[in-house]
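The values are calculated or read from the model by the stated rules, or taken from the named source; none is laboratory data. These numbers come from a predicted model, not from an experiment. Note that we place each Cβ from the backbone using ideal geometry, even for glycine, and neighbour counts take in every protein chain shown.
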Amino acid sequence: MAGEAAGVLLLLAAVALVLAAAAAQSSEADALQAFRDTLRGPDGGPPEELRQWVTHPGAPCDAGGDNTPRWVGVRMCAGGRVVVLQLQGYRLQGAAPDLGLLAPLRGLRSLSLAGNNLTGAFPDVSALPALKFLFLSRNGLSGEIPDGAFAALRGLQKLNLSNNAFTGAIPSSIATSGKLTDVDLANNNFSGPVPEGLRRLGAHLDVQGNKLLCGLPGGPPCPSSSPASSSSSGNMKVLMIIAIVVVAIGALLAVAGIFAAVQARRNEPRYAGRSETLSGKPDAAKVKVTSAPAVKFEQGGADQHGGAVTPAAGKRGGGRRDEHGKLVFIQEGRARFELEDLLRASAEVLGSGNFGASYKATLLDGPSLVVKRFKEMNGVGREDFAEHMRRLGRLVHPNLLPVVAYLYKKEEKLLVTDYMVNGSLALVLHGGARSSLPPLDWPKRLKIIKGVARGLAHLYEELPMLMVPHGHLKSSNVLLDAAFEPVLSDYALAPVVTPQHAAQVMVAYKSPECGAAGGRAGRKSDVWSLGILILEVLTGKFPANYLRQGRAGTDLAGWVHSVVREEWTGEVFDKDMRGTRSGEGEMLKLLKVGLGCCEPDVSRRWGLEEALARIEELRERDSGDDSISTASSFVSDGEPQSHSA
């Protein structure tokens, strides 16, 4: 009996948990619908995309056929609760919505209302104390933000309020979170001192465009307050009395002086005429102001020691620290070193790319670093270059290679990054005897493609102002760490490279649309580069070599189309790719993604979000369905079917 009673209790507990979870989901659905009803799109009602929250049954986190949350804008769930709500770019109008309506979403950790047309005051976020990420950038929000507005957000990690019209002091409560890693307040009208807690973020704090701020290194100092200022009112009265007395005495003396001068004039003899010369009065000297010359650096030879850049003798001119050949660090928490340390380090040439040579430098009792020399970055001045480097320094993602430091010179620039032990993906795929690593198996290749897509998606999210967030995605710019996790390098260079050189060498500018008359690179040019990379990973063929061979089609995608159209699908995949047993169907799905990304017609080419969603669905082994077991299932007349098929 006791056992039966225990079983009944367990069953009741399980039922209670299920009912509680269902109630929680129902509560979150109601909260989201109530929140949605307060939003206003261009037509005065809720945005068209969010109206399907009514037509689709079930809770927001009920997965659809593609295993993603069913409701648009709900980007991530955990345990049946909404974790990420992204309503970015939905053309929302009017005042910022009441965020208190989202209080029932107790699992909400990330909220984005960026890229809309919201106006008015900063919304009250106190009802969402569990938020870690808040994005309200690129709206029309204005006015002063209360100093304690962020006091409830103790776990805040990332905040973006850039490109609004906020005024007044920066709220000190932003810095109350001990987990804060990134704050972007750029292009507002904040004024006064930057809170000490935010100053510690260094390169991960962006306040550019706020001309009335003070207290940051390299910026205007804040006015100092004197102890005497507290008694200025009383002192002013004393000074006024003294001034009046002085003026009165001076007036009396002036009157007396004038009277004496008149009397003396009357006693002088009169002359018929008088000539006066101002001898001994030299002309004002002409002063020529010249600034001391900036330090010049001589270019050393590009030998096996890395083509050292050495300072020449000369006077130091005025200017900032980085104007005199100093490395500028943009990664906080990194051990500092000087340019001389790099010059003394043991070095080896890694290669010479389209922008310049790369060297591996191993610091004495320190890490190995890569120093890249760029000679085609003359399109921007020092300030714009430094600003762009700070922007890159704020990028934090496991699939992006961080820029550790840089050196600015007019003739060339140096970028310092970490060294990846397994080299580049190109070397592993095509290096032959130069690579000591075994051929990549299917699980590693899938892992690499997933990491590349995630890193690219992060660039899209964090650099919305760039038409081509990466611009140079190719296998030699995909580096592999010790666990074969990919990291992207040479990204976001378009703003600091001359347009002519970008068009000549950067991969995204080789996309089909750029070859057309007047064609320009765009975000889908990056997607095209991703597609070529996917096909390179699957086929093992080097795109540049393939083009020189002049085979069918105009690029690697054309060759894949021609082979698949002839039902020679087995000839597509790299013969050195091991671990493919039970994964052929997943490999074909990835091949479909690659071809969808390489669609020559930009209007039909997949977007990155769609490609990422399809890539994330892939597994190392087939899921059991044979719906994509032959080439004919995803190729019709040589073209990929619609993603909805």
> Only one of (1) more than 15 Å from the chain's Cα centre (by Cα); (2) in a loop (DSSP other than H, G, I, E, B); (3) not basic (K, R) fails for A405. Which number is that?
Replying inline: (2)
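Conditions (1) part of a strand (DSSP E or B); (2) crowded, with 18+ Cβ neighbours inside 10 Å; (3) modelled with pLDDT under 90, marked per residue:
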{"residue": "N378", "(1), (2), (3)": "no, no, yes"}
{"residue": "E383", "(1), (2), (3)": "no, no, yes"}
{"residue": "R391", "(1), (2), (3)": "no, yes, yes"}
{"residue": "L395", "(1), (2), (3)": "no, yes, yes"}
{"residue": "L415", "(1), (2), (3)": "yes, yes, no"}
{"residue": "V421", "(1), (2), (3)": "no, no, yes"}
{"residue": "A433", "(1), (2), (3)": "no, no, yes"}
{"residue": "L437", "(1), (2), (3)": "no, no, yes"}
> Hey, P60 hits all of (1) within 26 Å of G209 (Cβ to Cβ); (2) in contact with an Asp or Glu (Cβ under 9 Å, 6 or more places away or on another chain) but one; which does it fall short on?
Replying inline: (1)
>> Restricting to the stretch 367-378, name every residue that is within 23 Å of A203 (Cα to Cα) and of a type outside the set (A, V, I, L, M).
In response: P367, S368, K372, R373, F374
>> Return the residues of the stretch 569-609 that are surrounded by fewer than 17 Cβ atoms within 10 Å (Cβ to Cβ), in a helix (DSSP H, G or I) and touching a helix residue (DSSP H, G or I) at 6+ places or on another chain (Cβ under 8 Å); say none if nothing qualifies.
In response: E571, E609
>> Within the stretch 196-225, take every residue that is surrounded by 14 or more Cβ atoms within 10 Å (Cβ to Cβ) and charged (D, E, K, R) and give me the one that is nearest to A165 (Cα to Cα).
In response: D206
> Does the stretch 445-468 include one or more residues that are crowded, with 22+ Cβ neighbours inside 10 Å, over 20 Å from R605 (Cα atoms) and either of a type in the set (K, R) or in the same structural domain as F133 (by TED's automatic domain parsing) (or both)?
Replying inline: yes
> Looking at D66, is it over 24 Å from the mean Cα position of the chain (by Cα) and modelled with pLDDT of 85 or more?
Replying inline: no
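Conditions (1) in a helix (DSSP H, G or I); (2) among the acidic types (D, E), marked per residue:
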residue: K450; (1), (2): yes, no
residue: R454; (1), (2): yes, no
residue: A457; (1), (2): yes, no
residue: Y460; (1), (2): yes, no
residue: P464; (1), (2): no, no
residue: V468; (1), (2): no, no
residue: G471; (1), (2): no, no
residue: A482; (1), (2): no, no
residue: D490; (1), (2): no, yes
>> What's the number of the only condition in (1) under 25 Å from the mean Cα position of the chain (by Cα); (2) surrounded by 17 or more Cβ atoms within 10 Å (Cβ to Cβ) that A130 fails to meet?
In response: (2)
>> Quick check on the stretch 350-368: of everything there that is touching a strand residue (DSSP E or B) at 6+ places or on another chain (Cβ under 6 Å) and closer than 16 Å to V421 by Cα, which residue is surrounded by the fewest Cβ atoms within 10 Å (Cβ to Cβ)?
In response: G351
